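K.L.:
Encoded as structure tokens, here's the structure I'll be asking about.
The values are calculated or read from the model by the stated rules, or taken from the named source; none is laboratory data. As the structure is a computational prediction, the values presented were derived from the model and not from experiment. Methodologically, a virtual Cβ is constructed for each residue, glycine included, from the backbone with ideal geometry; neighbour enumeration extends over all protein chains shown.
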């Protein structure tokens, strides 16, 4: 009797939970409401079976529980009953399978008028590529990937020259235009998911899987990686903005074609030297960093990283948080670099300055720090040398006090909180690995020893 | 030479005779001792996996409070939790434990046909467990590649344990498969060759059918995992490219080229899906026997149940790619695998109907095993039905890789078989130890486990529908998750901690009853099957005394009309059946 009531209670709880819980599909933003419909159909059919079979179970357990003098009925099988049950079950299965396959048929058929965008995954970042005016994505190859050619563009393919390269984790798309997402991974398995779009697909190195959809709702959506891709899997986030065609075109024009990036001249250190004069007043003439002025060492720091930070300062992505007073000092300084060329020039000059390890100012337990560093080295490298492909800057030989301040900022959400600072957001996730000041000191002590 | 069934030359058989404590309990060739060795080892390593799951739940439920595990440790925990639970606990316990104990006793054999190989099977299994445990202590720790060990990520930097961890994991799997093969050949041969006189295949209890067919599945499916494991081992150690295309790792080109990560997935799931049924079929079989004994009624539709086991076993080999709908494989596979997957639901549904119909018009005894039977039917209905979502490709796409999947497979492959295992232990404990488990503790254990696990897994489905992805160390802020999601996650973690603590009660009961439990009668549940008809309780080495049993009827003669008692043991000849009145003529009792 108790067990019958127990099962009944569980059925009631299940139904209440189903109808009352706040957790359901997030409002759809694509053409795939037919997928939601197949889910609904499946819920109704399976829900019906769930309730009927369990209520029958409850009734049977109550009715046929042991009583003095009861004897079970002896009936090894009933062809008729078993046939009926088979037929009814088959009908139910067909009622779910048929609409499912019909919708899936549409999932596999990319419409003729779909535009193409390539989604590129790598540990633990997204980037994107549009085919440009010719509508054809140029060929790529892992063999030619480098810090100067992160997309692996083949220089000899004319189709790739006008490809537009989005070296950013934020993708924009126009509303109501079908898009075919061609998926490419540089390294391991990833998965391209925007929950509001419903469809998803893995990125597989060496293959080009695809998915297609039409965005139907404007907004800012999260791109999630949903295939385990290593220790920072949970930080592999991107943003997908759906907007009007006009806004989309404006956004797209802000990005260079492959031909433009390939033709971009290298920075000129001699021009940069003059510009650096202003920087040197705080960062030191040799870019060695001056702690009293809260200006970190720059010599030896990866130029792609400094370039991004300078652009972030200029755009108000970094240094705009009210609690970031040092960042607020840097922001107007970065603004004096008028364009990308000016940035390249000054970075080229910094690249010529001697790189001597910054002095240690922090004492800590380096042995313990080494354990903590296991998480860090997955991106920043075993020697803390920085790895361009992971968008992780060098740590070793840099100012320990600066690293500590930044870790604090990440942990408190002062840095990495800006919606467009997706790389900072990642570091914000990882910075939580250290729990307290002692951890941070130990970690930095280990970095100092590298 | 003419073929003579083993049962007909019983006097020629030589059982190794245990002489000392060591040969009796350590290097034992007795299937019953080996079964207990398998079971205790599986439960012990299962406890490790349980603790790992609690570490994960603390992180997920309270991400900034209990951040005592790092992302590395989190991914190592999910990997080892999954691998241990599926392979080293469930497979080992259901086949190595129950298979070993039940097969010879239920088919009327003196032991497995190859007792030495059976002993070897256990020791190699133990070695595989120790190798797995060793990976916790090597530099870099165990692998954190996820329990499916997908390359390329499993062997590349950025994944924990690419040093010793992944190598020990793969070596351990290879050892496990060697152990399983030695055990599995034994189980199949024993069922086919060593049944006692009168025990036709269609008189066998469904427990034996389930274990028998599951073992055949294992013998066909594990080789796929074996070659996959060996090839991945070569990729990891020698730098071959079976599964490795040309890629950029940590900013540098690898020396690999031409391998296929998708090939690994096909091979893995060619093993992995039958593996689900390697666990499920023994559970189906055991539950069929428990429901029949404790409802005092024959299993409804025995022949249908046998055919359903065979059908499920067969179809289970052509559904594997439903784990890969969004893997990037040829999308047209989706049509085929969705169809086969939903077809397999039909025999599975029939089994559920038949369990309920066995209770129908029965004489249901509210014993502890019966509680677990009914709990299992409920959780399995739930988990089976959510499988219809994930098997149907269009429905699967939005749910794939979310907590819906986690909820589904824990309900169907975690909670359900574990409830069967508990029910089975409460049922057969008196046979194994000669004492009854404590009923009160058993009932408390049941109620708390059933409601506790439901509180864990029911909400997961809904979080998954909302889009909560699997295998995330932390969620942070997103545009699609309700703020209440984190509160629910905390609630799930509390429930998980609670359920874990409740299992201590079960372990305590196992231990306490061994010394203080009520002494069991020979056949406390008044069951018909052979294991309850042994001359000694617990049965001694050789099981049957001087004469092998002879079987006269199927395993389910409960409440036969006209018989004086509500069960007729399989060993009872028609003329010996005590009659209540003249209406009994024996024929009905000789069904099959």
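K.L.:
Just checking, does the stretch B:126-136 include any residue being touching a residue at least 24 places away in the same chain (Cβ under 8 Å), within 14 Å of chain A (Cβ to nearest Cβ), touching a helix residue (DSSP H, G or I) at 6+ places or on another chain (Cβ under 9 Å) and under 29 Å from residue B:214 (Cα atoms)?
P.N.:
Checked against the condition, which is being touching a residue at least 24 places away in the same chain (Cβ under 8 Å), within 14 Å of chain A (Cβ to nearest Cβ), touching a helix residue (DSSP H, G or I) at 6+ places or on another chain (Cβ under 9 Å) and under 29 Å from residue B:214 (Cα atoms), the stretch B:126-136 yields no hits at all.
K.L.:
Here is a follow-up. Here are the criteria: (1) more than 14 Å from chain B (Cβ to nearest Cβ); (2) modelled with pLDDT of 95 or more. Tell me which single one residue A:135 does not satisfy.
P.N.:
(2)
K.L.:
Inside the stretch B:316-330, can you point out the residues that are crowded, with 19+ Cβ neighbours inside 10 Å and either within 11 Å of another protein chain (Cβ to nearest Cβ) or under 20 Å from the mean Cα position of the chain (by Cα) (or both)? Please lay out each step first, then the result.
P.N.:
Filtering the stretch B:316-330 down to residues crowded, with 19+ Cβ neighbours inside 10 Å leaves B:316, B:319-329.
Correct list: B:316, B:319, B:320, B:323, B:324, B:325, B:326, B:327, B:328, B:329.
K.L.:
Answer yes if at least one residue in the stretch B:151-168 is more than 14 Å from every other protein chain (Cβ to nearest Cβ), surrounded by fewer than 24 Cβ atoms within 10 Å (Cβ to Cβ) and either at pLDDT 95 or above or within 29 Å of residue B:544 (Cα to Cα) (or both), and no otherwise.
P.N.:
Scanning the stretch B:151-168, I find at least one residue that is more than 14 Å from every other protein chain (Cβ to nearest Cβ), surrounded by fewer than 24 Cβ atoms within 10 Å (Cβ to Cβ) and either at pLDDT 95 or above or within 29 Å of residue B:544 (Cα to Cα) (or both), so the answer is yes.
K.L.:
Out of B:281, B:234, B:226, B:290, which single residue is farther than 30 Å from residue B:409 by Cα and either more than 12 Å from chain A (Cβ to nearest Cβ) or surrounded by fewer than 24 Cβ atoms within 10 Å (Cβ to Cβ) (or both)?
P.N.:
Matching residue, one of B:281, B:234, B:226, B:290: B:234.
K.L.:
Within the stretch A:182-209, how many residues turn out to be in contact (Cβ under 8 Å) with a residue 60 or more places away in the chain and either more than 26 Å from residue B:252 (Cα to Cα) or assigned by TED's automatic domain parsing to the domain that holds residue A:391 (or both)?
P.N.:
6
K.L.:
Hey, does the stretch B:480-492 have a residue that's away from chain A (no Cβ under 13 Å) and either within 30 Å of residue A:426 (Cα to Cα) or touching a helix residue (DSSP H, G or I) at 6+ places or on another chain (Cβ under 7 Å) (or both)?
P.N.:
To start, the set of residues in the stretch B:480-492 that are away from chain A (no Cβ under 13 Å) comprises B:490.
With the extra rule that they be either within 30 Å of residue A:426 (Cα to Cα) or touching a helix residue (DSSP H, G or I) at 6+ places or on another chain (Cβ under 7 Å) (or both), the set shrinks to B:490.
Yes, the stretch B:480-492 contains at least one residue that is away from chain A (no Cβ under 13 Å) and either within 30 Å of residue A:426 (Cα to Cα) or touching a helix residue (DSSP H, G or I) at 6+ places or on another chain (Cβ under 7 Å) (or both).
K.L.:
Moving on to the next point. Could you check, for the stretch B:203-214, whether at least one of its residues is out of contact with any strand residue (DSSP E or B) (no Cβ under 7 Å at 6 or more places or on another chain) and either within 14 Å of chain A (Cβ to nearest Cβ) or over 14 Å from residue B:282 (Cα atoms) (or both)? Quick ask: steps written out before the conclusion?
P.N.:
Keep residues of the stretch B:203-214 that are out of contact with any strand residue (DSSP E or B) (no Cβ under 7 Å at 6 or more places or on another chain), which gives B:203-214.
If we keep only those that are either within 14 Å of chain A (Cβ to nearest Cβ) or over 14 Å from residue B:282 (Cα atoms) (or both) as well, we get B:203, B:206.
Within the stretch B:203-214, one or more residues are out of contact with any strand residue (DSSP E or B) (no Cβ under 7 Å at 6 or more places or on another chain) and either within 14 Å of chain A (Cβ to nearest Cβ) or over 14 Å from residue B:282 (Cα atoms) (or both).
K.L.:
Being under 34 Å from the mean Cα position of the chain (by Cα) and over 24 Å from residue A:197 (Cα atoms) narrows it down to one residue among A:50, A:43, A:17, A:56; which is it?
P.N.:
Among A:50, A:43, A:17, A:56, only A:17 is under 34 Å from the mean Cα position of the chain (by Cα) and over 24 Å from residue A:197 (Cα atoms).
K.L.:
For residue A:111, only one of the following conditions fails: (1) closer than 17 Å to residue A:198 by Cβ; (2) facing another protein chain (nearest Cβ under 8 Å). What is its number?
P.N.:
Result: residue A:111 fails condition (2) only.
K.L.:
What are the residues in the stretch A:9-28 that are more than 10 Å from chain B (Cβ to nearest Cβ) and either touching a helix residue (DSSP H, G or I) at 6+ places or on another chain (Cβ under 8 Å) or under 17 Å from residue A:100 (Cβ atoms) (or both), if any?
P.N.:
Within the stretch A:9-28, A:15 is the sole residue that qualifies.
K.L.:
Scan the stretch A:57-90 residue by residue and report those that are more than 7 Å from every other protein chain (Cβ to nearest Cβ), part of a loop (DSSP other than H, G, I, E, B) and surrounded by 14 or more Cβ atoms within 10 Å (Cβ to Cβ).
P.N.:
Selection gives A:75, A:78.
K.L.:
Then there's this: Is at least one residue of the stretch B:388-405 touching a helix residue (DSSP H, G or I) at 6+ places or on another chain (Cβ under 7 Å), closer than 20 Å to residue B:90 by Cα, touching a residue at least 40 places away in the same chain (Cβ under 8 Å) and surrounded by fewer than 22 Cβ atoms within 10 Å (Cβ to Cβ)?
P.N.:
From the stretch B:388-405, those touching a helix residue (DSSP H, G or I) at 6+ places or on another chain (Cβ under 7 Å) are B:388-399, B:402-405; that's our starting set.
Now restrict to residues that are closer than 20 Å to residue B:90 by Cα: B:405.
Filter once more, so that each one left must be touching a residue at least 40 places away in the same chain (Cβ under 8 Å): B:405.
Right, trim to surrounded by fewer than 22 Cβ atoms within 10 Å (Cβ to Cβ) and you get B:405.
Yes: the stretch B:388-405 contains one or more residues that are touching a helix residue (DSSP H, G or I) at 6+ places or on another chain (Cβ under 7 Å), closer than 20 Å to residue B:90 by Cα, touching a residue at least 40 places away in the same chain (Cβ under 8 Å) and surrounded by fewer than 22 Cβ atoms within 10 Å (Cβ to Cβ).
K.L.:
On to the next question. Where residues in the stretch B:359-400 are in a loop (DSSP other than H, G, I, E, B) and closer than 16 Å to residue A:39 by Cα, which of them is nearest to the other protein chains (Cβ to nearest Cβ)?
P.N.:
B:392
K.L.:
Restricting to the stretch A:119-133, count the residues that are part of a strand (DSSP E or B) and either assigned by TED's automatic domain parsing to the domain that holds residue A:429 or surrounded by 23 or more Cβ atoms within 10 Å (Cβ to Cβ) (or both). Before the answer, list the steps.
P.N.:
Keep residues of the stretch A:119-133 that are part of a strand (DSSP E or B), which gives A:119-122, A:125-130.
Those left that are additionally either assigned by TED's automatic domain parsing to the domain that holds residue A:429 or surrounded by 23 or more Cβ atoms within 10 Å (Cβ to Cβ) (or both): A:119-122, A:125-126, A:128-129.
Selection size over the stretch A:119-133: 8.
K.L.:
With the structure loaded, tell me whether residue B:296 is in a helix (DSSP H, G or I) and more than 18 Å from the chain's Cα centre (by Cα) or whether it fails that test.
P.N.:
The answer is no for residue B:296.
K.L.:
Answer with yes or no whether residue A:310 is touching a helix residue (DSSP H, G or I) at 6+ places or on another chain (Cβ under 7 Å), buried (at least 17 other Cβ atoms within 10 Å of the Cβ), free of Cβ contacts under 8 Å to residues at least 40 places away in the same chain and in a helix (DSSP H, G or I).
P.N.:
Working: touching a helix residue (DSSP H, G or I) at 6+ places or on another chain (Cβ under 7 Å): yes; buried (at least 17 other Cβ atoms within 10 Å of the Cβ): yes; free of Cβ contacts under 8 Å to residues at least 40 places away in the same chain: yes; in a helix (DSSP H, G or I): yes.
In short, yes.
K.L.:
With respect to residue B:287, is the statement that it is under 20 Å from residue B:222 (Cβ atoms) and assigned to a helix (DSSP H, G or I) true?
P.N.:
No, not satisfied.
K.L.:
Filtering the stretch B:231-262 down to residues that are touching a residue at least 60 places away in the same chain (Cβ under 8 Å) and under 31 Å from the mean Cα position of the chain (by Cα), which residue is nearest to residue B:315 (Cα to Cα)?
P.N.:
Restricting to residues being touching a residue at least 60 places away in the same chain (Cβ under 8 Å) and under 31 Å from the mean Cα position of the chain (by Cα), the top hit is B:262.
K.L.:
Further question on the same structure: What about residue A:323, is it assigned by TED's automatic domain parsing to the domain that holds residue A:270, surrounded by fewer than 15 Cβ atoms within 10 Å (Cβ to Cβ) and in contact (Cβ under 8 Å) with a residue 60 or more places away in the chain?
P.N.:
Details: assigned by TED's automatic domain parsing to the domain that holds residue A:270: yes; surrounded by fewer than 15 Cβ atoms within 10 Å (Cβ to Cβ): yes; in contact (Cβ under 8 Å) with a residue 60 or more places away in the chain: yes.
Yes: the conditions hold for residue A:323.
K.L.:
Then there's this: Among the residues of the stretch A:363-378, is there at least one that is under 28 Å from residue A:285 (Cβ atoms) and modelled with pLDDT under 90?
P.N.:
no
K.L.:
Of all residues in the stretch B:70-90, how many are within 16 Å of residue A:376 (Cα to Cα) and free of Cβ contacts under 8 Å to residues at least 60 places away in the same chain?
P.N.:
1
K.L.:
Same structure again: Take the conditions farther than 25 Å from residue B:482 by Cα and surrounded by 13 or more Cβ atoms within 10 Å (Cβ to Cβ) and apply them to residue A:54. Does it pass?
P.N.:
So residue A:54 fits the description; yes.
K.L.:
Can you tell me which residue in the stretch A:200-221 is farthest from the other protein chains (Cβ to nearest Cβ), limited to those that are closer than 30 Å to residue B:244 by Cα and not in a loop (DSSP other than H, G, I, E, B)?
P.N.:
A:212
K.L.:
If you take the residues of the stretch A:134-148 that are in contact (Cβ under 8 Å) with a residue 40 or more places away in the chain and not in a loop (DSSP other than H, G, I, E, B), which of them is surrounded by the fewest Cβ atoms within 10 Å (Cβ to Cβ)?
P.N.:
Selected residue: A:142.
K.L.:
Within the stretch B:334-353, identify whether any single residue is facing chain A (nearest Cβ under 9 Å) and on the phi > 0 side of the Ramachandran plot, and answer yes or no.
P.N.:
no
K.L.:
Do any residues in the stretch A:19-32 that are without any contact (Cβ under 8 Å) to a residue 12 or more places away in the chain have Cβ atoms under 8 Å from those of residues that are part of a loop (DSSP other than H, G, I, E, B), where the two are at least six apart or on different chains, and which pairs are they?
P.N.:
Partner pairs satisfying both residue conditions: A:22/B:482; A:23/B:482.
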